[in-house]
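Here the structure is laid out as structure tokens; the discussion comes afterwards.
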Amino acid sequence: MSSIYLAYHFSVEPKELGSEILIAELGEKPFESFIETENGFSAFIQKDLWTTNLLDDIYLLQSPEFVISHSIEEIEQVNWNVEWEKNFEPIDVDGKCHVRAPFHPKSNANFDIIIEPKMSFGTGHHETTHMMIQHLLETDITNFKTLDMGCGTAILAILAEMKGAKPIDAIDIDNWCYLNSIENAERNNCSHIAVYEGDVALLKNKKYDLIIANINRNILLNDMQQYVDSLNQKGILLLSGFYTEDIPFIDASCIEKGLTLIKKLERNNWTALKYVN
């Protein structure tokens, strides 16, 4: 017997950080899947699991730091593959890297990455992921021991391996991202990526030639010392997940810890910074 679902269509501003936090909160509810949309995401729940007070204790909906609205739609049994196909278009980064879902045809790009995002963010569509891909494309990372911190879908770890980095640690605090990263690494035939569930505490006594951290300003600032402590001499630190106006705060923290800014990318008021130790 087919189930009737309710689709909650959320509009979130700022989108990436707000969606990430809101999905984490909604993940504690009986929602079955989340699909990224242009302005936020859609969340799906079986109608017979719905209650009138379902969202009453969702903290983010009361936060003045985010502008969030939603509509509700009743739909029949959800075909998740069709939903992905409707919402996930392939992307191209500088003609060199192609990011697609499994149901899209293979490209002739140098780096053809297959991502099944599921509940995780990091398809390459967001400006920060796009710019981090650009940084990786123009950097020789052959045999670099690499960390992808807050890996999401592991898209950046996968590209790093395709560019010759190894070994690679991919870490995310979210269980769904952890599982999704394992799947995506296997899907792209990666053999040098180890995925871990956890936070910056996992970096103790570890050293890397390249650290990739596409998270958000507050987490980056809080964890910056650990990143620097884990960076080898002449190592590279790629940072994104924040706005152009946040650069002075990030840069001051990095300079204080002995890092040098060597490249800045900007895209629609988002930025991605490249530092060396």
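The values are calculated or read from the model by the stated rules, or taken from the named source; none is laboratory data. Note that the structure is a prediction, hence the values are computed from the model and not measured. Don't worry about glycine lacking a Cβ; one is built from the backbone with ideal geometry, like all the others, and counts go over all protein chains shown. The accessibility values were calculated without ligands, DNA or RNA, using every heavy atom of the protein model including side chains. Shrake-Rupley method; radii C 1.70, N 1.55, O 1.52, S 1.80 Å.
Are any residues in region 194-235 out of contact with any Leu (no Cβ under 9 Å at 6 or more places or on another chain) and among the small types (Gly, Ala, Ser), and if so, which ones?
Passing the criteria: 194, 198, 201.
Kindly provide the set of residues from region 6-57 that are in a strand (DSSP E or B), open to solvent by less than 30 Å² (accessible area, probe 1.4 Å) and at pLDDT 85 or above, ordered by number.
Within region 6-57, 6, 7, 8, 10, 12, 40, 41, 42, 43, 44, 45 meet the criteria.
Output the strands (runs of 3 or more DSSP E) that fall wholly within region 58-122 and possess 1 or more residues being open to solvent by 50 Å² or more (accessible area, probe 1.4 Å) and modelled with pLDDT of 95 or more, or say none.
67-75
Collect the residues in region 89-103 that are under 22 Å from residue 38 (Cβ atoms) and in contact with a helix residue (DSSP H, G or I) (Cβ under 9 Å, 6 or more places away or on another chain), keeping them in residue-number order.
91, 93, 97, 99, 101, 102, 103
Yes or no, residue by residue, for (1) open to solvent by 70 Å² or more (accessible area, probe 1.4 Å); (2) free of Cβ contacts under 8 Å to residues at least 12 places away in the same chain; (3) farther than 19 Å from residue 134 by Cβ:
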{"site": "206", "(1), (2), (3)": "no, no, yes"}
{"site": "211", "(1), (2), (3)": "no, no, no"}
{"site": "215", "(1), (2), (3)": "no, no, no"}
{"site": "224", "(1), (2), (3)": "no, no, yes"}
{"site": "254", "(1), (2), (3)": "no, no, yes"}
{"site": "264", "(1), (2), (3)": "yes, no, no"}
{"site": "274", "(1), (2), (3)": "no, no, no"}
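Considering only region 219-236, I want to know if a residue exists there that is touching a Pro at 6+ places or on another chain (Cβ under 9 Å) and of a type outside the set (Val, Ile, Thr).
no
Within region 41-72, track down each residue that is among the polar types (S, T, N, Q) and more than 22 Å from the chain's Cα centre (by Cα).
Passing the criteria: 46, 51, 52, 53, 62, 63, 69, 71.
Can you name the condition, by its number, that residue 167 falls short on among (1) open to solvent by less than 50 Å² (accessible area, probe 1.4 Å); (2) in contact with a His (Cβ under 8 Å, 6 or more places away or on another chain)?
Answer for residue 167: the failing condition is (1).
Residue by residue through region 201-219, note down the ones that are touching a strand residue (DSSP E or B) at 6+ places or on another chain (Cβ under 9 Å) and modelled with pLDDT of 95 or more.
Within region 201-219, 202, 203, 206, 207, 208, 209, 210, 211, 212, 213 qualify.
Of all residues in region 170-204, which are assigned to a strand (DSSP E or B) and open to solvent by less than 60 Å² (accessible area, probe 1.4 Å)?
170, 171, 172, 193, 194, 195
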